Amino acid sequence: MFLWFHKLGSPPHFYRIAGRWIPWLTWIFLLLLAAGLYGGLIEAPPDYQQGESYRIMFVHVPAAWMSLFIYVVMAVCGAIIIIWRMKLAEVVLISSAPIGASFTFLALVTGSLWGKPMWGTYWVWDARLTSELILLFLYLGIIGLHNAIDDKRTAARAVAILALVGVVNIPIIHYSVEWWHSLHQGPTVTKFGKPSIHWSMLLPLLLMALAFQVYYVLALLHRCRAELLRRERNSKWVEEL
Amino acid sequence: MSHRLSLCQAFVFLLRRDLLLALRNRAEYAMPLLFFVLVITLFPLALGASPELLARIAPGIIWVAALLAAMLSLDSIFRSDFDDGSLEQILLSAHPVAVLVLAKVTAHWLVTGVPLLLAAPLLAEMLGMPGEAQPVLLLTILLGTPILSLIGAIGVALTVGLRKGGIILSLLVLPLYVPVLIFAASATENAAAGFDPSAQIYMLMAFLFLSTSLSPWATAAALRMSVS
Amino acid sequence: MGDFFQMGGYAMFVWPSYALAALVLWLNWYLPRKQHDRELRLLKRRLKAEHK
């Protein structure tokens, strides 16, 4: 098992294995997406208070979860880069950044569109929205810094440090709705004990969340493969392709 | 004769050197302070000098100006050392770089943060901030400006080798500064309205301890990367 | 059916959200693939030039 993992760390192996996984993951993603959309848009009943507008939740919440998850993945890669200088970790970190930024952007905009009918305003400067916005800036900072440094291995170390320093923002975002009185809804799914959301809505939500997870891996693999080709264009294994 | 310095002596040496350099370049270091005062005076000019409005937003104005002045002054932490090669010497020394970094950041704070502390009461008066809030304002500046120097040092260390480093520096450092801004301004506003600011003050203290213990390491790692 | 599209009057908010999500997902899939194929073509051309 460990040997397989170790082999995965080598670029040519990763490239090949990723190539084989991609078709499977694509199908799994499409299946989960279809199930989630069906459950969320058609099966689930309208909400008692919010009517039909709550259905935005099925993209907004998974997007927000992914925005946090991907940043944590990047921070872990950052630690790996600093301690072991593993090439694959560098590729995963920089490939994850645009995906994470996209999800953060999606979470912010869908949240805005949900907030307008619910709270009467597109934006409010409460703790969760503000810290999510800061997360977007952190992602953009990482992408910007990586672009600014020419030598990509040095650039990887720089963004690794930045990712690690910024990771304090993640618990702030997550707990912000508990620490501050906030307009944003409190935790309903990750509460210990029974979550206070009905199963007919929870199931599509979890399906969509899982679909987004699979999608992240899928998009990541595509990006990593492209990035690997670009970085290793002068090496033997690329020529042998 | 052995020239081996103890860690403490190295710290003091670097601190004194930076302070001396700052003293000799007084004009360069006066600029962030001047910027601070100028930015604050812009607000009454732009918003109309209505006393109630100014008094209400005074904490926010002062802190945004402090943030911008801190960012402006960050470049001076490592740039001149980078340019003349002393940064490499610091990295090559036998002492842990994180401690030496702490010395440089302390010098930076003494030169750029403390003047803000001295100028703030006058500016608070000019903006009409209620008297009860001023001690809290000074406390937030006392706690907050070292945090700005410490976190800013990480950003400078990451970008000191880049050509357009200054612009990227702002993009990197501002998101990290935002929590300090939020708590400091909120503490002062609470005090101005007569409420208890201690929760926010404790958060600032926590940030200060956190950044003092962790940021020198991050800065050292970033410097090693930048100089390589 | 019309009900479904109306989304209880919230159509203006719900459908753009889903559309944006679809766009984001599609772009993050399409752009890396295009990049990858472009790289591959470039490398093939270079190899051919070297072997001549």
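Looking at the square roots a ≥ b ≥ c of the eigenvalues of the Cα gyration tensor of segment A:15-239, which shape do they give, rounded for a/c under 1.5, prolate if a/b is larger than b/c, or oblate? Oblate shape, in that a/c is at least 1.5 and b/c is the bigger or equal ratio.
Whole-Hz Karplus values for segment B:151-168 come out as 5, x, 4, 4, x, 5, 4, 5, 10, 5, x, 8, 5, 9, x, x, 6, 4 Hz, taken residue by residue from phi with 6.51 cos²θ - 1.76 cosθ + 1.60 and θ = phi - 60°; glycine and proline positions read x. Phi angles across segment A:64-70 convert, under the Karplus curve 6.51 cos²θ - 1.76 cosθ + 1.60 with θ = phi - 60°, into 3J(HN,Hα) values of 5, 4, 5, 4, 6, 4, 5 Hz, Gly and Pro given as x. Which of these, A:L31, A:L210, A:L93, has the largest mean-square fluctuation under a Gaussian network model of chain A (Cα springs below 10 Å)? Looking only at A:L31, A:L210, A:L93, the biggest GNM fluctuation is shown by A:L31. Only Cα pairs under 8 Å and 6+ residues apart enter the sum, and on that basis the relative contact order of chain A stands at 33 percent. Cross-link reach is defined here as a Cα-Cα straight distance under 13 Å, omitting same-chain residues fewer than 8 places apart; for C:K34 the aspartates and glutamates meeting it are A:E227.
Here's how it looks for A:D126: its modeled amide H is under 5 Å from none belonging to a residue 5 or more places away or on a different chain. Axis angle, to the nearest 10 degrees, between helix A:87-119 and the longest C-alpha principal axis of chain A: 20 degrees. When the helices of chain B are scored as -39500 (n - 2.57) per DSSP H run of n ≥ 4 and the total is divided over every residue, the value at 222 nm lands at -29500 deg cm²/dmol. Using C-alpha pairs below 8 Å separated by at least 6 residues, the relative contact order for chain B is 26 percent. The phi torsions of segment A:42-53, fed into the Karplus equation with coefficients 6.51, -1.76 and 1.60 and a -60° offset, translate into couplings of 10, 6, 5, x, x, 6, 4, 9, 9, x, 8, 5 Hz, rounded to whole numbers, with Gly and Pro shown as x.
The mean number of partner chain beta-carbon atoms within 10 angstrom of a residue's beta-carbon across peptide C:27-38 is 6. If you run the Gaussian network model on chain B, springs between alpha carbon atoms under 10 Å, then out of B:P197, B:P96, B:P146 the most flexible one is B:P96.
For the protein assembly as shown, the equivalent ellipsoid derived from the Cα gyration tensor has semi-axes of 43, 35, 18 Å, listed largest first.
Sorted ascending by nearby beta carbons within 10 Å, beginning with the fewest, A:D151, B:D81, A:D126 become A:D151, A:D126, B:D81. Each 5 Å bin from zero holds the following percent of Cα-Cα pairs in segment B:67-216: 2, 9, 18, 20, 19, 13, 9, 5, 3, 1, 0.
I want to verify a result. In a Gaussian network model of chain C, Cα cutoff 10 Å, which of these has the top mean-square fluctuation: C:L31, C:L23, C:L42? Answer for the Gaussian network model of chain C: C:L42.
Every number here is computed from the coordinates shown, using simple stated rules; none is lab data. Just so it is clear, the model here is predicted, and its values are computed rather than measured. Methodologically, a virtual Cβ is constructed for each residue, glycine included, from the backbone with ideal geometry; neighbour enumeration extends over all protein chains shown.
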